[in-house]
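Student: I am attaching a structure below and will ask some questions about it afterwards.
What follows draws every value from the coordinates through simple rules; no lab data is involved. Source: prediction; values computed, not measured. Positions of Cβ are generated from backbone atoms using ideal geometry, with glycine treated the same way; all protein chains shown enter the neighbour counts.
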């Protein structure tokens with residue numbers, strides 16, 4: 001038969017005459033299914049004449065090749081799927097999951113920067129659990145292994161970059177919480193919430209209702225001159241007690257100006273019963289600090305310091321004075337774009353500061369204003385003594401001043417042996433956990449703050465001299481002083497002035513005020529109130 005292939009006439013016959021491979025002409029097959037074999041070494045003249053050409057059917061091989069190609073493609077697809085699954089899993093474990101975890105932590109810090117310390121504690125607890133699991137697993141493997149080299153083999157692993165970055169974020173958040181405190185919450189959260197990379201330190205302040213506390217280290221200028229560079233250690237040793245007790249009693253230490261601490265108990269969004277608990281805790285905190293400072297063996301060592309003994313003589317001991325006042329304050333940032341401080345500004349802060357200065361005039365350690373006494377429970381109020389009613393610069397109304405009588409000199413120093421530990425993250429976590437448990441215990445509704453004072457042997461020891469007859473005589477003397485019967489008040493207060501082991505400060509202060517220049521005769525303008533600036 002004849003076939004036309006590429007415009008050339010071919011004459012031949014097909015050997016594929018049977019089904020299913022019947023083909024009459026090579027052109028009936030696709031190009032890749034045919035292989036042509038022809039002589040290639042003949043001259044051109046012979047090529048123009050007749051010659052033999054053979055065509056081979058390659059369809060079985062093409063089918064096999066196609067099948068193998070499909071198998072190869074399927075195999076490659078399976079391998080790619082498996083590889084992508086492993087890659088995705090590794091990417092999730094090594095990159096995506098850590099990044100999402102970091103973002104969750106950043107969101108928490110953005111919402112409330114004070115949670116950074118809690119996040120750090122949770123992260124440390126998780127790491128400790130992981131170390132314990134690895135140690136248990138390794139000890140199990142060592143018991144099962146028969147290779148003696150396993151006893152000395154150690155596992156070396158480098159932390160991943162995402163882990164380092166996560167720890168850095170937690171540390172930065174913790175430093176923000178420590179540096180700014182509660183007053184800086186709005187500053188940190190507002191700047192972290194913005195999409196831009198700039199920092200706006202001048203955030204508008206907000207008004208908060210709070211109890212303002214002032215704690216001041218007495219004779220601080222003398223201690224600074226004598227201790228020189230060691231005064232920083234001196235202040236930090238006192239701050240360790242003040243900060244720890246205040247935090248345990250739900251307060252927040254805002255800032256330290258060398259010798260004074262500004263302390264805040266926030267009352268915003270609290271119920272009446274919760275405000276009462278806050279007021280009780282503020283009084284409990286200051287009374288606990290007085291006892292803790294007196295018992296501290298570390299601070300007692302300064303009583304033997306030659307330089308301090310020479311300058312202070314019989315007053316050579318670490319001593320603090322305190323004042324509590326309730327009112328509003330503006331919470332926010334003070335400073336400029338070069339340096340800011342998160343603090344509280346208010347006339348009520350000045351009132352608390354003036355009250356603290358008055359502790360030296362009245363010869364007491366803790367003064368509590370009428371605004372705080374009105375919040376306290378009856379059990380706490382019964383332990384306070386009203387000593388005067390004054391007008392203070394910054395307050396629009398006269399305030400009754402009450403003191404918490406504590407003879408801290410009766411407390412014995414506790415002999416504490418050196419602990420055989422190295423102060424590290426583990427013990428910091430344990431101490432913070434213990435404080436957290438104590439905080440929630442004090443906040444419990446069924447827990448009386450006055451009961452703590454009653455059961456505390458150190459508190460009872462400091463209250464030993466303040467007997468019922470003494471308090472009754474002073475109260476009668478104060479009532480006569482307030483009503484203008486100064487001659488009667490003179491007799492009663494003179495009696496109470498000498499009833500204690502040491503002279504009673506409030507009795508002496510009132511006697512000095514009535515004596516000079518009034519000679520124990522109430523002036524015509526007397527209504528039971530005088531200005532705090534009056535000299536005693």
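Student: To test your reading of the geometry: what angle, between 0 and 90 degrees and rounded to tens, separates the Cα axis of helix 272-295 from the longest principal axis of the chain?
Tutor: Around 80 degrees separate the two axes.
Student: Further, regarding this structure: Using only the alpha-carbon atoms, what does region 465-536 span along each of its principal axes? Please give whole angstrom values in decreasing order.
Tutor: Largest to smallest, the principal-axis extents are 35, 20, 18 Å.
Student: A further question follows. So how do 486-492, 288-294 stack up, highest first, on mean other-Cβ count within 10 Å? Present the calculation step by step, with values, prior to reporting the outcome.
Tutor: Working: 486-492: 18.1, 288-294: 22.7.
The packing order, highest mean first, is 288-294, 486-492.
Student: How high is the relative contact order of region 233-281, in percent, counting Cα pairs under 8 Å that sit 6 or more residues apart?
Tutor: 26 percent
Student: Scattering from the C-alpha atoms of region 2-57 alone, worked out with Debye: what is log10 I(q)/I(0) at q = 0.13, 0.24 1/Å?
Tutor: -0.37, -1.08
Student: For the chain, what is the mean residue ellipticity at 222 nm derived from helices alone (per DSSP H run of n ≥ 4: -39500 (n - 2.57); sum divided by total residues; nearest 500 deg cm²/dmol)?
Tutor: -16000 deg cm²/dmol
Student: With just the Cα atoms defining each centre, how far is region 10-51 from region 278-343? Give it in Å.
Tutor: Taking the Cα centre of region 278-343 as reference, the centre of region 10-51 is 110 Å away.
Student: Between residue 84 and residue 137, how high is the FRET efficiency from 1/(1 + (r/R0)^6) when r is the Cβ-Cβ distance and R₀ = 30 Å? Nearest 0.05.
Tutor: That gives a FRET efficiency of 0.45.
Student: Show me the ranking of peptides 401-413, 430-442 by mean Cβ neighbours inside 10 Å, starting with the highest. It would help to have the intermediate numbers written out before the result.
Tutor: Details: 401-413: 19.0, 430-442: 13.0.
Going by the mean number of other Cβ atoms within 10 Å, highest first, we get 401-413, 430-442.
Student: Can you sort 328, 265 by how many other beta carbons sit within 10 Å, fewest first?
Tutor: So the ranking, lowest neighbour count to highest, is 328, 265.
Student: Please report the relative contact order for the chain, taking Cα pairs under 8 Å with a sequence separation of at least 6, and give it as a percent rounded to a whole number.
Tutor: Normalised by residue count, the contact order of the chain is 11 percent.
Student: At a 10 Å Cβ-Cβ cut-off, how would you order 297, 321, 377, fewest neighbours first?
Tutor: Details: 297 11, 321 22, 377 16.
By the 10 Å Cβ count, ascending: 297, 377, 321.
Student: Give the calculated FRET efficiency between residue 439 and residue 76 to the nearest 0.05, with a Förster radius of 56 Å applied to their Cβ-Cβ distance.
Tutor: FRET efficiency, residue 439 to residue 76: 0.35.
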